[in-house]
Amino acid sequence: MSQHARQVAHNTIRVARRPMVLLPTTRTDLSNLHQTETRSQLAKTELVFVVVPGALSQGEHLAAAFLQYRRRGCHDLPVLARTCCTFKEPALEVLWEELDNLSPLVQCLPEASYKTFENETEWDILQSYTLRIRSILALSGLDKKSLKILSNPPTTTPLFPNLRTLYCEYTEKTIPLLHLPLPSVVFLEVQFHDQPLFQNSLELFPNFSPNIRRLFIYLPLRLREVTFDTIKPNYFCRWQNLCSVICPSIALDVDTLVHLSRMPALTQLTFTLDVALPPSKSPLVFSNLNEITLRSESLHVISGLLSLMQLPAMTDFMSFIRNCPSRHDFTSFLAGVQRSSTGRTIKWLALLQTSFLPSDVVRSKAPLLCLDDLRSCMVLNNLRHPELVIEWNVGLTDTELLALVSSWPHLETLYINIIWGWNTLGGITPNGLLQLLQTCRSLSSFALAVDTRGYTELPPSGSSASLGSRSLLITYVYQCPRLDY
């Protein structure tokens, strides 16, 4: 900054008579400047400053400004950190707050020989950077020597004392870092490939990261259909403040569910049911659980779990199954949803069969979905997003569908067998569709079968005018006849 610019800024602050701060912007890409540059070189960089009033401290203002600066894709925070003492701390805080990987730490390790830390002073220098890290998006960017150095600190002080969010892939290379003390981590997302390796190490997680609140454990896409062994309850029981547990490929046993039901902060839960759970002496009450997603081979296993649970705050319930449900299982499932939630809070209810058969498979003997099968849903008067995808034929008529949706005054989306199709000669008629849209004023997206036989023109314009000016997303409309016989 020129001497004239500094004088103007200084005078402006004095005249304002209230807290002010200099916020930097830049007109030069400084991402290629290195730490070896001198102050004289930095002084030649063109920076533009604006004076902004504020009630926060100067450091807080600068940190907020630098954060916005980084979000806009600017890469010259290292330069700002070396410009003056005022900028140093706020710029370093933002620069190190979130790391895409650990490669920046390699540059802070002892000289090129990759020796170990000879004294605590060298470690303190490294920690002057790591204590600023709040989020790490990948435990990558380290070679074996660097990993060895970081995994064997000369003191018991945590390497990442203020790290709160960690995304990582669980491999032999990342295990040493995951087993370092991470006292402040509250969000842990782990992708793993090797079941034995992961299961043997999972038990250690609560020891090193005792304050986890959001836990996300998942498989890569190519292994998503694999279900791993049931997690033993002692893995989870050391975490006392979990509010989100998402492990779609891991089965939880009844003792683990009992422990989770005692957590008042828990609002989101996703897991797999590999076998039917044994009866419980008392119901599992999840007092504040809003979202639950279950995976299972068969629907009757999920129905059995619902008979053990009470979900008074549930709003979103999704079930993924592989086998086509029987009529009895389907009825038991809907009755279980109604009983466990009392029907007052559910807004999103989805039952999705994920095993898709070839199009030439005969479905003539599949169950026929009628209004009687869905009557249990009609008490869910707050329902907004029903979604049904199962290997059934659908025989709903205009009258039945209108009777069904009349129970859902807040309906926003309606998907019935968007994948399997209705597979019957019936379906809702164009006039019935118009009545549906007139009845459901909030409906914005749907997938239904429409029987257009005998219709050669659109309904009268006067009828459609009553729909108003809302925009509709018609995800899929089946035009009958659509048969797979």
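Condition check: open to solvent by less than 60 Å² (accessible area, probe 1.4 Å), part of a helix (DSSP H, G or I), in contact (Cβ under 8 Å) with a residue 12 or more places away in the chain and hydrophobic (A, V, I, L, M, F, W, C). Does L437 satisfy that? Quick ask: steps written out before the conclusion?
Working: open to solvent by less than 60 Å² (accessible area, probe 1.4 Å): yes; part of a helix (DSSP H, G or I): yes; in contact (Cβ under 8 Å) with a residue 12 or more places away in the chain: yes; hydrophobic (A, V, I, L, M, F, W, C): yes.
So L437 passes the test.
Say we look at the stretch 315-350 and pick out the residues that are among the charged types (D, E, K, R) and under 16 Å from S296 (Cα atoms); which of these is farthest from the chain's Cα centre (by Cα)? Step through it out loud before you land on a result.
Residues of the stretch 315-350 among the charged types (D, E, K, R): 316, 322, 327, 329, 339, 344, 347.
With under 16 Å from S296 (Cα atoms) added as a condition, the list becomes 322, 329.
Numbers: R322: 23, D329: 30 Å.
It comes out as D329.
Considering (1) among the β-branched types (V, I, T); (2) modelled with pLDDT under 90; (3) touching a helix residue (DSSP H, G or I) at 6+ places or on another chain (Cβ under 9 Å); (4) surrounded by fewer than 21 Cβ atoms within 10 Å (Cβ to Cβ), say which one T399 fails and leave the rest.
Of everything listed in (1) among the β-branched types (V, I, T); (2) modelled with pLDDT under 90; (3) touching a helix residue (DSSP H, G or I) at 6+ places or on another chain (Cβ under 9 Å); (4) surrounded by fewer than 21 Cβ atoms within 10 Å (Cβ to Cβ), T399 misses just condition (2).
For the structure I just gave you, tell me whether P181 is open to solvent by 30 Å² or more (accessible area, probe 1.4 Å), modelled with pLDDT under 90, over 23 Å from the mean Cα position of the chain (by Cα) and under 21 Å from L308 (Cβ atoms).
Details: open to solvent by 30 Å² or more (accessible area, probe 1.4 Å): yes; modelled with pLDDT under 90: yes; over 23 Å from the mean Cα position of the chain (by Cα): yes; under 21 Å from L308 (Cβ atoms): no.
Here the answer is no, as P181 does not meet what is asked.
Can you tell me how many residues in the stretch 419-432 are assigned to a loop (DSSP other than H, G, I, E, B) and surrounded by fewer than 17 Cβ atoms within 10 Å (Cβ to Cβ)? First the steps, then the outcome.
Quick first cut of the stretch 419-432, residues assigned to a loop (DSSP other than H, G, I, E, B) only: 419-427, 429.
Remaining after also requiring surrounded by fewer than 17 Cβ atoms within 10 Å (Cβ to Cβ): 419, 425.
Total meeting the criteria: 2.
Is it true that A366 is in a loop (DSSP other than H, G, I, E, B), at pLDDT below 90, open to solvent by 10 Å² or more (accessible area, probe 1.4 Å) and within 28 Å of I428 (Cα to Cα)?
Numbers: in a loop (DSSP other than H, G, I, E, B): yes; at pLDDT below 90: yes; open to solvent by 10 Å² or more (accessible area, probe 1.4 Å): yes; within 28 Å of I428 (Cα to Cα): yes.
Yes; evaluated as a whole, the condition is true for this residue.
Could you list all residues from the stretch 238-267 that are under 26 Å from N323 (Cβ atoms), open to solvent by 10 Å² or more (accessible area, probe 1.4 Å) and not in a loop (DSSP other than H, G, I, E, B)?
Pass one, the stretch 238-267, residues under 26 Å from N323 (Cβ atoms): 245-254, 256-257.
With open to solvent by 10 Å² or more (accessible area, probe 1.4 Å) added as a condition, the list becomes 246, 248, 253-254.
I246, P248, V254, listed by residue number.
Under 6 Å between Cβ atoms, at least 6 apart or on separate chains: pull out the pairs that start in the stretch 269-295 with a residue that is more than 13 Å from D255 (Cα to Cα) and end on any residue that is modelled with pLDDT under 90 and part of a loop (DSSP other than H, G, I, E, B).
T272/T227; D274/T227
Looking for something over 20 Å from L443 (Cβ atoms), at pLDDT 90 or above and either surrounded by fewer than 18 Cβ atoms within 10 Å (Cβ to Cβ) or not aromatic (F, W, Y) (or both) - is there at least one such residue anywhere in the stretch 380-390? It would help to see each step written out before you state the result.
To start, the set of residues in the stretch 380-390 that are over 20 Å from L443 (Cβ atoms) comprises 390.
Cutting the leftovers down to at pLDDT 90 or above gives us 390.
Next, only the ones that are either surrounded by fewer than 18 Cβ atoms within 10 Å (Cβ to Cβ) or not aromatic (F, W, Y) (or both) stay: 390.
Looking through the stretch 380-390, at least one residue is over 20 Å from L443 (Cβ atoms), at pLDDT 90 or above and either surrounded by fewer than 18 Cβ atoms within 10 Å (Cβ to Cβ) or not aromatic (F, W, Y) (or both).
Among the residues of the stretch 348-359, is there at least one that is surrounded by fewer than 17 Cβ atoms within 10 Å (Cβ to Cβ) and under 24 Å from R375 (Cβ atoms)?
Yes: the stretch 348-359 contains one or more residues that are surrounded by fewer than 17 Cβ atoms within 10 Å (Cβ to Cβ) and under 24 Å from R375 (Cβ atoms).
Would you check which residues across the stretch 149-164 are under 11 Å from L177 (Cβ atoms) and not in a loop (DSSP other than H, G, I, E, B) and list them?
Start the filter on the stretch 149-164 by keeping residues that are under 11 Å from L177 (Cβ atoms), which leaves 150-151, 159-160, 163.
Hits for the stretch 149-164 are L150, S151.
Go through the stretch 273-296 and count every residue that is at pLDDT below 90 and either hydroxyl-bearing (S, T, Y) or open to solvent by 60 Å² or more (accessible area, probe 1.4 Å) (or both).
So in the stretch 273-296, the residues at pLDDT below 90 come out as 273-283.
Then drop every residue that is not either hydroxyl-bearing (S, T, Y) or open to solvent by 60 Å² or more (accessible area, probe 1.4 Å) (or both), which leaves 274-276, 278-283.
Residues meeting the conditions: 9.
Identify the single condition in (1) modelled with pLDDT of 90 or more; (2) under 27 Å from R339 (Cβ atoms) that T439 does not satisfy, given that it satisfies every other one.
The one condition T439 does not meet is (2).
Is there a residue in the stretch 298-310 that is among the hydroxyl-bearing types (S, T, Y), in contact with a strand residue (DSSP E or B) (Cβ under 6 Å, 6 or more places away or on another chain) and surrounded by fewer than 20 Cβ atoms within 10 Å (Cβ to Cβ)? Before you say what the answer is, go through the steps one by one.
Our first condition is that a residue be among the hydroxyl-bearing types (S, T, Y); within the stretch 298-310, this holds for 298, 303, 307.
Within this subset, residues satisfying the condition of being in contact with a strand residue (DSSP E or B) (Cβ under 6 Å, 6 or more places away or on another chain) are none.
Taking every residue of the stretch 298-310 in turn, none turns out to be among the hydroxyl-bearing types (S, T, Y), in contact with a strand residue (DSSP E or B) (Cβ under 6 Å, 6 or more places away or on another chain) and surrounded by fewer than 20 Cβ atoms within 10 Å (Cβ to Cβ).
The values are calculated or read from the model by the stated rules, or taken from the named source; none is laboratory data. Bear in mind the structure is a predicted one, so any value in this text is a computation, not a measurement. Virtual Cβ from ideal backbone geometry, glycine too; neighbours counted across all protein chains shown. For accessibility, only protein heavy atoms count, side chains too; no ligands or nucleic acids. Shrake-Rupley method; radii C 1.70, N 1.55, O 1.52, S 1.80 Å.
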